[in-house]
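In what follows, a single structure is set out as C-alpha cells and then discussed.
The values are calculated or read from the model by the stated rules, or taken from the named source; none is laboratory data. Worth saying up front: this structure is predicted, and the values here are computed from it rather than measured. Glycine gets a Cβ as well: all are built from the backbone with ideal geometry, and neighbour counts include every protein chain shown.
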Amino acid sequence: MVKIHDEKAVLVDPGQGSGRHKDLKREMRKLGLEIRAQLTTHGHADHVRVAPKIEAPLFAHRFEFSIVESPLNREILTFGSKAPRGFLVSQFEGEVRVHGIFEWGDVLFGLRAIKLSGHSPGMTGFLDEENSVLYAGDSFFGERVLQSVGIPYLVEPELFENSIKQLQDYADEGLLLIPSHGKAVKGDEAGKLLEFNLHRLEEAETMILKLLKSPMGIDELAYRLSGYFDVSPTPQILALNLVPLRAFIAKLYNEEKIEAVMDRGLKWKLRGD
Ligand SMILES: [Zn+2]
C-alpha cells in the first residue's frame with residue numbers, strides 16, 4: 001500500500017518479488033512522488049524482502065526489529081529454528097536494515113500504528129483515519145488463503161483472536177480493511193470474513209481437544225487437522241502448521257485442559273482421562 005503524506009510516498013509493506021522494487025520506484029516516479037519512508041506491519045520475509053533495494057528508511061515495531069533484521073530470526077519465527085532450504089515460502093538469506101522503531105499508538109507519516117498482535121509478536125496495523133482505511137497486514141486472512149492452509153498462521157491464539165475482535169470494531173465503524181493476503185473488505189463482507197477467521201480458530205481448538213482424547217504428538221495432530229480442514233498436506237504446509245499448533249497446545253496446557261505424556265515420544269492428551 002502507498003500512503004501519500006506531505007506530497008511524498010510512504011510504502012507500507014514493500015513486499016517481495018524480483019522486479020517489485022523497480023515497479024514501485026517506476027510507479028512513484030510516474031506520480032512525481034519521492035519515496036519518503038517504508039513501514040512494515042511485521043518482519044516476515046514476504047513483507048520486507050525488497051526493502052533494502054529501495055532508498056528510503058524502513059520502520060518496524062520494536063518487537064519485530066530483530067525479526068526484520070536477521071534472516072535466522074525470521075526462520076526461527078516461522079519454522080521454530082533454522083529451517084531446511086526451500087521449506088518456507090519466502091525464505092531469503094539477506095539482512096534487512098531497520099532505520100527506526102515505533103510503538104503502538106505512534107503516528108508515522110499520517111498513519112497510526114495499531115496493535116494487532118498474534119500472527120507475530122509485533123504485528124501492527126496502520127490506520128489511515130483521513131481515508132478510513134486500515135492496512136491490516138496478516139492479522140486476518142482471505143478465505144482462499146485459509147482454505148489452502150487449514151489453520152491461520154499465528155504464534156499466540158488469544159492475541160490473534162483479540163486482534164480479530166478489534167478489527168470487527170473497525171469494520172463496524174465502516175473502515176476499509178486491507179489484508180496482505182486476500183482482497184480488501186468493508187461492511188458486511190468484512191464482518192463475514194472476520195467471522196470466518198474466528199470460526200477457524202474455534203474449530204481448530206475444538207478439533208485438537210477431540211483428537212487429544214488419545215495421546216498424540218504435534219506432528220500427527222497437524223496431519224489429522226489437515227484432513228479435517230480438507231487441505232492437501234505437503235511437508236511445507238505441515239511444517240508451517242506446527243507453529244500455530246504448538247501455540248494452541250501451550251494455551252490448552254496453561255488452561256489445564258491437556259497434559260504432557262511420554263509415550264514413545266512427547267505426546268499431549270486431555271487431562272484426567
Ligand atoms: Zn506474516
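Being crowded, with 19+ Cβ neighbours inside 10 Å, within 30 Å of M1 (Cα to Cα) and touching a helix residue (DSSP H, G or I) at 6+ places or on another chain (Cβ under 7 Å) narrows it down to one of L175, L201, L221, so name that one.
Sole residue among the options that is crowded, with 19+ Cβ neighbours inside 10 Å, within 30 Å of M1 (Cα to Cα) and touching a helix residue (DSSP H, G or I) at 6+ places or on another chain (Cβ under 7 Å): L201.
Could you go through the range 211-232 and let me know if any residue there is under 22 Å from V12 (Cβ atoms), in a helix (DSSP H, G or I), away from the ligand (no atom under 16 Å from the Cβ) and polar (S, T, N, Q).
Checking the range 211-232: not a single residue is under 22 Å from V12 (Cβ atoms), in a helix (DSSP H, G or I), away from the ligand (no atom under 16 Å from the Cβ) and polar (S, T, N, Q).
Residue by residue through the range 48-58, note down the ones that are of a type in the set (A, V, I, L, M) and either out of contact with any Leu (no Cβ under 6 Å at 6 or more places or on another chain) or surrounded by fewer than 24 Cβ atoms within 10 Å (Cβ to Cβ) (or both).
V48, V50, I54, A56, L58
Table: residues versus (1) crowded, with 16+ Cβ neighbours inside 10 Å; (2) over 14 Å from V98 (Cβ atoms); (3) at pLDDT below 95.
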{"position": "H21", "(1), (2), (3)": "yes, yes, yes"}
{"position": "R26", "(1), (2), (3)": "no, yes, yes"}
{"position": "R29", "(1), (2), (3)": "no, yes, yes"}
{"position": "R36", "(1), (2), (3)": "yes, yes, no"}
{"position": "H42", "(1), (2), (3)": "yes, no, no"}
{"position": "D46", "(1), (2), (3)": "yes, yes, yes"}
{"position": "A60", "(1), (2), (3)": "yes, no, no"}
{"position": "F65", "(1), (2), (3)": "yes, no, no"}
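Would you say K165 is away from the ligand (no atom under 15 Å from the Cβ), in a helix (DSSP H, G or I), surrounded by fewer than 16 Cβ atoms within 10 Å (Cβ to Cβ) and modelled with pLDDT of 95 or more?
Values: away from the ligand (no atom under 15 Å from the Cβ): yes; in a helix (DSSP H, G or I): yes; surrounded by fewer than 16 Cβ atoms within 10 Å (Cβ to Cβ): yes; modelled with pLDDT of 95 or more: yes.
Considered against the rule, which asks whether it is away from the ligand (no atom under 15 Å from the Cβ), in a helix (DSSP H, G or I), surrounded by fewer than 16 Cβ atoms within 10 Å (Cβ to Cβ) and modelled with pLDDT of 95 or more, K165 comes out as yes.
Of everything in the range 68-98, what is modelled with pLDDT under 95, acidic (D, E) and not in a loop (DSSP other than H, G, I, E, B)? Give them in sequence order.
Result: E75, single match.
Quick one: count up the residues across the range 99-149 that are of a type in the set (A, V, I, L, M) and either within 11 Å of the ligand (Cβ to nearest atom) or part of a helix (DSSP H, G or I) (or both).
Residues flagged as of a type in the set (A, V, I, L, M) and either within 11 Å of the ligand (Cβ to nearest atom) or part of a helix (DSSP H, G or I) (or both) within the range 99-149 amount to 4.
Can you tell me how many residues in the range 25-63 are within 16 Å of the ligand (Cβ to nearest atom) and out of contact with any helix residue (DSSP H, G or I) (no Cβ under 9 Å at 6 or more places or on another chain)?
Residues that pass the stated criteria total 4.
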